[in-house]
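Asker: My structure is below; once you've seen it, I'll send some questions.
Nothing in this text is a laboratory measurement; each read-out follows from the coordinates by a stated rule. Since we're looking at a predicted model, the values are computed, not measured. Counting neighbours? That spans all protein chains shown, and the Cβs are built from the backbone with ideal geometry, glycine included.
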Amino acid sequence: MPYHMQIVIPFQLPPKWGNRERWVKGDMVYAAGFHRLDLLRMGKDKTGKRVYQERTLPAGMLHEVRCCVLHGLSMGQLTEHL
């Protein structure tokens, strides 16, 4: 389906999440407040300070994710305008 896409995260995730491929399900859109989101915790460094994963998806991959969401909203014709 055009609203599903398999992706491989191009950076390390926390060990409990594993580093396998993931699925984008563009037809399953939810709302979440930024105040409820948190960075991925990678553990602690040598000094005991918490380390977080702060990298984001590459622009090309994020573009494909946006296209999947538009298809999931039955607005796939708008993908040519992204």
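Asker: Given the rule -39500 (n - 2.57) for each run of at least 4 DSSP H residues, summed and divided by the residues of the chain, what is its mean residue ellipticity at 222 nm, to the nearest 500 deg cm²/dmol? The partial results should precede the final answer.
Answerer: Values: 1 runs with 14 residues, N = 82.
That calculation yields -5500 deg cm²/dmol at 222 nm.
Asker: Relative contact order of the chain, please, whole-number percent, based on alpha carbon pairs below 8 angstrom and at least 6 residues apart. Mind showing how you got there, number by number?
Answerer: Numbers: 99 pairs, mean separation 28.1, N = 82.
It rounds to 34 percent for the chain.
Asker: Along the charge dipole of the chain, which of Leu37, Leu62, Met5 sits closest to the positive end, that is, farthest toward it, with unit charges on the beta carbon of Lys, Arg, Asp and Glu (+1, +1, -1, -1)?
Answerer: Of the options given, the answer is Leu37.
Asker: Right, another one. Fewest to most neighbouring Cβ within 10 Å: what's the order for Met61, Met1?
Answerer: Numbers: Met61 16, Met1 10.
So the residues, fewest neighbours to most, are Met1, Met61.
Asker: Which aspartates and glutamates does Lys44 reach when only Cα atoms under 17 Å apart count, and residues fewer than 8 places away in its own chain are ignored?
Answerer: Lys44 reaches Glu54.
Asker: Using θ = phi - 60° and the Karplus relation 6.51 cos²θ - 1.76 cosθ + 1.60, list the HN-Hα couplings for the stretch 63-72 in order, rounded to whole Hz, with x at every Gly or Pro.
Answerer: Along the stretch 63-72, the couplings run 4, 5, 4, 4, 4, 4, 5, 4, 5, x Hz.
Asker: Would you list His81, His71, His63 from fewest to most Cβ contacts within 10 Å? All intermediate terms of the calculation are to be shown ahead of the outcome.
Answerer: Working: His81 6, His71 20, His63 13.
Placing the least packed residue first, the sequence is His81, His63, His71.
Asker: Between Asp27 and Gln77, what's the calculated FRET efficiency when r is the beta-carbon distance and R0 is 25 Å? Round to 0.05.
Answerer: On the way: r = 16 Å, r/R0 = 0.64.
After rounding, the FRET efficiency stands at 0.95.
Asker: Quick one: give the max-minus-min coordinate of the C-alpha atoms of the chain along each principal axis, largest first, in Å.
Answerer: For the chain, the Cα spread along each principal axis is 51, 27, 21 Å.
Asker: What is the set of long-range amide H partners of Leu40 at a cut-off below 5 Å, with H atoms built 1.01 Å from backbone N?
Answerer: Gln53
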